[in-house]
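Just below is one structure, and these are the notes that go with it.
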Amino acid sequence: MALQYYTLEAVSELRQLVQANITWYFDPSAPEPILAAKTPRRDAKLELPQWQDLLRIDEHRPASTDAVNALAVFASVAELSPYQASDERVWTYLCHNECRY
């Protein structure tokens, strides 16, 4: 699976719509916000494993899996260049999609 990232337009739109989408941030069953950006996501030239296979979630004690998940994310993105690793478009996408829960 290719690493995806948001465009700057999509990141800006998400930032402006936090209040309008507040339910989505706290409710896993809420529908994902629809972005008006023409092409909100792009693919990087970096292949990553399937996130759902890596991350562990304990619904009763979510913080109990933070350390193991942090190590899994770190190992998965170890191939990022320093530029990619500091790009808000990558982390905004990961936090809103792959690592949302």
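Run the 1.4 Å probe and let me know the accessible area of I22, rounded to the nearest 10 Å².
Only protein atoms counted, so the area is about 60 Å².
How compact and how long is the range 17-71, expressed as Rg and Dmax of its alpha-carbon atoms in Å?
So, for the range 17-71, Rg and Dmax equal 15.0, 38 Å respectively.
If you take the alpha carbon radius of gyration of the chain and divide it by 2.2 N^0.38 Å, what ratio comes out, to two decimals?
1.12
Would you be so kind as to identify which of P28, L17, S64 lies farthest towards the positive end of the dipole of the chain, taking Lys and Arg as +1 and Asp and Glu as -1 on Cβ and the Cα centre as origin?
Of the options given, the answer is L17.
Roughly how many Å² is the accessible area per residue of the chain, as a whole number, for a 1.4 Å probe?
Result: 69 Å² of accessible area for each residue.
Kindly write out, for the range 3-16 in residue order, the coupling ³J(HN,Hα) from the Karplus curve 6.51 cos²θ - 1.76 cosθ + 1.60 (θ = phi - 60°), rounded to whole Hz, with x marking Gly and Pro.
Ordered by residue, 3J(HN,Hα) equals 5, 9, 8, 7, 6, 4, 4, 5, 4, 4, 4, 4, 4, 6 Hz.
Would you mind pulling out the separation of the Cα centroids of the range 1-42 and the range 54-101, in Å?
Using only Cα atoms to place each centre, the spacing works out to 17 Å.
Counting helices only, and only those DSSP H runs with n ≥ 4, report the 222 nm mean residue ellipticity of the chain as the sum of -39,500 (n - 2.57) divided by its residues, in deg cm²/dmol to the nearest 500.
Helix contribution divided over all residues of the chain: -10500 deg cm²/dmol.
Starting from the Cα of A37, step 7 Å toward the Cβ, then list every residue of the range 70-95 with an amide N under 11 Å from that point.
88-94
Just how large is the dipole of the chain about the Cα centre, in debye to the nearest 20, putting +1 at every Lys and Arg Cβ and -1 at every Asp and Glu Cβ?
Dipole size: approximately 180 debye.
Residue by residue through the range 20-26, what is 3J(HN,Hα) from phi via Karplus (6.51 cos²θ - 1.76 cosθ + 1.60, θ = phi - 60°)? Round to whole Hz and write x for glycine and proline.
Result, rounded to whole Hz: 5, 10, 4, 4, 4, 5, 10.
Residue separation times 0.36 nm, minus the C-alpha to C-alpha distance between T65 and S86: what's the value?
Full-extension gain reported as 5.2 nm.
The values are calculated or read from the model by the stated rules, or taken from the named source; none is laboratory data. Predicted, not measured: the structure shown is a model, and the values here were computed from it. In this analysis, Cβ positions are derived from the backbone assuming ideal geometry, glycine residues included, and neighbour counts consider all displayed protein chains. We work out accessible area using only protein heavy atoms, side chains counted, and drop any ligands, DNA or RNA first. Shrake-Rupley method; radii C 1.70, N 1.55, O 1.52, S 1.80 Å.
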